[in-house]
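Chemist: Below: one structure in structure tokens.
The values are calculated or read from the model by the stated rules, or taken from the named source; none is laboratory data. Being a predicted model, the structure only gives us computed values, none of them experimental. Virtual Cβ from ideal backbone geometry, glycine too; neighbours counted across all protein chains shown.
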Ligand SMILES: Nc1nc2c(ncn2[C@@H]2O[C@H](COP(=O)(O)OP(=O)(O)OP(=O)(O)O)[C@@H](O)[C@H]2O)c(=O)[nH]1
Ligand SMILES: [Mg+2]
């Protein structure tokens, strides 16, 4: 019963760095792991054991059909889906391994196109136990509008791919350099009470129609109540171990594949929950949250007693 992760997310969100870092981390712990590169535009695919470029290259697709980079990418992934027996054959050679699939950054592949979804369903039929790991750059927390768009993207990807899903705010170590956040980090990771974000979002909005649209989008995300985030700094072993613990729960590895090394991971990642993890990360990486941002919120929207998601008013 092979286990693995499908690593997706927008361009530059840190997918390839994560795949290579996690592969090293797991191999050191004794979990035999390989990276499967499914991104034909990947410049850092040197360390992968299986590479889509052995089947088709982006340049070939663009040249043969006169396509641009985006069209070429979609063609390559659809070509892979049509020739899925090629992938089956490659995967069989590593049947005792844990698989990390490094996917392209074109988000339409997870929100509109069916090829990756079809490949996932195919792997599930081959008895693969998979979780989707969706990386988004933590820098998106710095603006309400950007963060809402990330929430929409995460939700769409979750409903489209229909896999156990772990959303991740990546490059959390860089957040400190981007100035103060409006709220504490745990507010962004737990994605509750979007009214606070909506207030910031509508602050600069003059059109009543856009205000209503913003409200409807926030309500939609809240109604699904599916999106939450883990955090990741790839150079921090504690952060990688804590994330891995969540993924092992999501794809069932923790229950179905106790091997040497797995116990070590469980020990390395202590049993903290998401909120504690976010508070920890905020302190560890020196991320600042503005008291003035929260103070601007009108009285009727003030945090409820016991809510820890907002910086305290002074
Ligand atoms: N500071 C910091 N930088 C990171 C981290 N993860 C990735 N990066 C950097 O982010 C940049 C983009 O990383 P990639 O791994 O190439 O991102 P990607 O998602 O694979 O990009 P595409 O394949 O082009 O979609 C690189 O310069 C990485 O070194 C992290 O945790 N912290
Ligand atoms: Mg990449």
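Chemist: Here are some conditions: (1) touching a helix residue (DSSP H, G or I) at 6+ places or on another chain (Cβ under 9 Å); (2) free of Cβ contacts under 8 Å to residues at least 40 places away in the same chain; (3) away from ligand 2 (no atom under 16 Å from the Cβ); (4) over 30 Å from residue 230 (Cα atoms). Residue 113 meets all but one. Which one does it not meet?
Modeler: The one condition residue 113 does not meet is (4).
Rundown of residues vs (1) buried (at least 21 other Cβ atoms within 10 Å of the Cβ); (2) under 25 Å from residue 170 (Cα atoms); (3) away from ligand 1 (no atom under 16 Å from the Cβ), yes/no style:
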| site | (1), (2), (3) |
| --- | --- |
| 40 | yes, yes, no |
| 53 | no, no, no |
| 57 | no, no, no |
| 86 | no, no, yes |
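Chemist: State all residues of the range 228-266 that are modelled with pLDDT under 90 and crowded, with 21+ Cβ neighbours inside 10 Å; if no residue qualifies, say none.
Modeler: 265
Chemist: Just to check your reading of the model, which residue among 234, 221 is touching a residue at least 40 places away in the same chain (Cβ under 8 Å) and not in a helix (DSSP H, G or I)?
Modeler: Numbers: 221 fails: not in a helix (DSSP H, G or I).
After applying the criteria, what remains is 234.
Chemist: For the range 1-22, give me each residue that is surrounded by 23 or more Cβ atoms within 10 Å (Cβ to Cβ) and more than 24 Å from residue 155 (Cα to Cα).
Modeler: Passing the criteria: only 22.
Chemist: Take the range 56-114 and flag every residue that is touching a strand residue (DSSP E or B) at 6+ places or on another chain (Cβ under 6 Å), within 18 Å of residue 129 (Cα to Cα) and not in a loop (DSSP other than H, G, I, E, B).
Modeler: Those that are touching a strand residue (DSSP E or B) at 6+ places or on another chain (Cβ under 6 Å), within 18 Å of residue 129 (Cα to Cα) and not in a loop (DSSP other than H, G, I, E, B): 90, 98, 99, 100, 101, 102.
Chemist: Across the range 11-28, what is the number of residues that are part of a helix (DSSP H, G or I) and within 10 Å of ligand 2 (Cβ to nearest atom)?
Modeler: 6
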